[in-house]
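Presented below is the structure to which this report refers.
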Amino acid sequence: MVSRVRTVAFQGIEAVPVDVQVMVAPGKVGIQIVGLPDKAVAESRERVQAALHASGLSMPAKKVTVNLAPADLPKEGSHYDLPIALGLMAALGAVPGDALAEYVVLGELSLDGTIAPVAGALPAAIGANAEGKGLICPHGSGSEAAWAGEEIDILAPRSLIAIANHFRGTQVLKRPEARIRPAAGVLPDLADIKGQESAKRALEVAAAGGHNLLMVGPPGAGKSMLAQRLPSILPPLSARELLEISMIASMAGELAGGQLSDRRPFRAPHHSASMAAMVGGGLRIRPGEVSLAHNGVLFLDEFPEFTPQVLDSLRQPLESGECVIARANHRVTYPSRIQLVAAMNPCRCGMAGEPGYRCARGPRCQSDYQARISGPLLDRVDLRIDVPAISANDLIRPAKAESSSAVAERVARARAIQAERFAALGPGGGMTNAHCATRLIEEIAAPDAKGTALLYEASEKLGFSARAYHRVLRVARTLADLDGEAKVGRIHLAEAISYRVPGERLAQAA
């Protein structure tokens, strides 16, 4: 007799159905697992035997064969422990096999029979719901899985005994509740920053349209402080964005206690991060920083200190909103629609261009340092601003700056205009101006006659690429939305072009 239990294998954030087939037959005593298992799956035979023994079940003195079908799909991870154990229990008659057929199962077993949390419970629950099945997952992952929908039947037991008692009817498992992680403190406020009014304006524009931003200035000018306050003016997550972010965090094992966070991601990796850490990879392909920042902010401080290979690996995710990791045996895609915010010094000594300062190496110090950033990557940055050092007058001035809440209201109004516009245009239009499809941006950001003349003249003098041309239109459209204007005017294009002038100087250095 062969008992079957449904589980999943993960390819990116997609849950692929896997059939766990367990057969008990005469032969050499032991458990044999086949179907391209990795080391973690192969070791599950020891965990399963110990957990069954701790739960009061003895292994049969027969040969147990476990097949993970389809057999040509690599199986990775420890979440196969529970489906293998339940398949064996069904073969022994400890749990009804027909009841298990209605569920997708995943979970890691401890030696004492308890079930430990695993990564990927939320994608597994969504996959199970799509098949019309319920989900059996560890108790620690139940709150996470409950976000897949109220209609899905979810069992989140603490141990094997709890599952057996549930199917016997002696213990009823309560459906877990979806929970949000409490906010960890108050977000930093823009009111804390004195001066830097032009930089705050650029930050507001970046938040309103989801644009990428590069800040160049000497040490201590407040670049990192500005970037850290960007989340405080971004709009709250929609239900769809929350689910997408949580699925990626679930695959990375970063959902503490199965609780979702309603804050936009803000990832700030150190400049020593490797390419695998940035875009994803490893033995078991995990999402990298660029995917963990999906629908949020990726902040790269000391921008040129990252290796050129790591920086150039961001070009594809910034353009397509997806991170594709290709290996010899399989290909994984993670969503990575991010807002890149970068900060850098103008040169290695950090003070190039400051009044009264003369670099010992001369202009070469600045050009060599800025050349570490490639032109194609800079071309994907919409806003490039100079952040000068703070003056003593700015520090002494008692007047308090504008708060994040006031700026957030203007950003929310601009985002609402964009949401209404793209909803009317139908699917494929985008969600923000920064991610608007190229085929639409010329229509929705068509300037007036004076604006067209200005854009043509700037393109000729600055040598805009086709990408730069359309990105200027996107920024101008955002500026018009902030002003509540239906038509993009010359003043909006002039400001949008001004945000690319510092970048053109950097591109010449690169």
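Worth pointing out:
- Residue count, the stretch 275-327 (criterion: of a type in the set (A, V, I, L, M), open to solvent by 10 Å² or more (accessible area, probe 1.4 Å) and in contact (Cβ under 8 Å) with a residue 40 or more places away in the chain): 4
- Selected residue (criterion: nearest to the chain's Cα centre (by Cα)) from residues of the stretch 1-12 that are of a type in the set (Val, Ile, Thr) and open to solvent by less than 40 Å² (accessible area, probe 1.4 Å): VAL8
- Sole exception among (1) more than 27 Å from PRO123 (Cβ to Cβ); (2) in contact (Cβ under 8 Å) with a residue 40 or more places away in the chain; (3) polar (S, T, N, Q) for ASN67, by number: (1)
- Of the set (1) touching a residue at least 40 places away in the same chain (Cβ under 8 Å); (2) closer than 21 Å to VAL341 by Cβ; (3) of a type in the set (A, V, I, L, M, F, W, C), all apply to ALA184 but (1).
- Once the stretch 487-505 is narrowed to residues that are at pLDDT 90 or above and in a loop (DSSP other than H, G, I, E, B), the residue that is surrounded by the fewest Cβ atoms within 10 Å (Cβ to Cβ) is LYS487.
- Of the helices (runs of 4 or more DSSP H) lying entirely inside the stretch 39-96, the ones with 3 or more residues being within 17 Å of VAL24 (Cβ to Cβ) are found at 44-54, 81-92.
- Hits in the stretch 352-389 - residues which are modelled with pLDDT under 80 and crowded, with 18+ Cβ neighbours inside 10 Å: ALA352, CYS359
- Within the stretch 213-248, being open to solvent by 10 Å² or more (accessible area, probe 1.4 Å) and assigned to a loop (DSSP other than H, G, I, E, B) holds for PRO219, GLY220, GLY222, ARG229, LEU234, PRO235, PRO236, LEU237, SER238.
- Conditions (1) at pLDDT 95 or above; (2) of a type in the set (A, V, I, L, M, F, W, C); (3) open to solvent by 20 Å² or more (accessible area, probe 1.4 Å); number of the one not met by LEU68: (3)
- Any hit, the stretch 396-418, residues being at pLDDT 90 or above and either in contact with a strand residue (DSSP E or B) (Cβ under 6 Å, 6 or more places away or on another chain) or farther than 30 Å from ILE193 by Cβ (or both): no
- Near pairs, Cβ below 6 angstrom, 6+ apart or cross-chain, from the stretch 254-273 (part of a loop (DSSP other than H, G, I, E, B)) to any residue that is modelled with pLDDT of 90 or more and open to solvent by 40 Å² or more (accessible area, probe 1.4 Å): HIS271/GLU302; HIS271/GLU305
- Some residue of the stretch 120-141 being under 30 Å from ALA406 (Cα atoms) and either in contact (Cβ under 8 Å) with a residue 40 or more places away in the chain or exposed (fewer than 15 other Cβ atoms within 10 Å of the Cβ) (or both): no
Conditions tested, residue by residue: (1) in contact with a helix residue (DSSP H, G or I) (Cβ under 9 Å, 6 or more places away or on another chain); (2) small (Gly, Ala, Ser).
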position: VAL20; (1), (2): yes, no
position: SER55; (1), (2): yes, yes
position: ASN67; (1), (2): no, no
position: ASP81; (1), (2): yes, no
position: LEU109; (1), (2): yes, no
position: THR114; (1), (2): yes, no
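- Neighbours by Cβ (under 6 Å, 6+ apart or cross-chain): first from the stretch 403-423, among the polar types (S, T, N, Q); second not in a helix (DSSP H, G or I): SER403/ASP189; SER404/ASP189; GLN418/THR432
The values are calculated or read from the model by the stated rules, or taken from the named source; none is laboratory data. Remember, predicted model here, so these are calculated numbers, not experimental data. Glycine gets a Cβ as well: all are built from the backbone with ideal geometry, and neighbour counts include every protein chain shown. Just the protein is used for accessible areas: all its heavy atoms, side chains included, with ligands, DNA and RNA removed. Shrake-Rupley method; radii C 1.70, N 1.55, O 1.52, S 1.80 Å.
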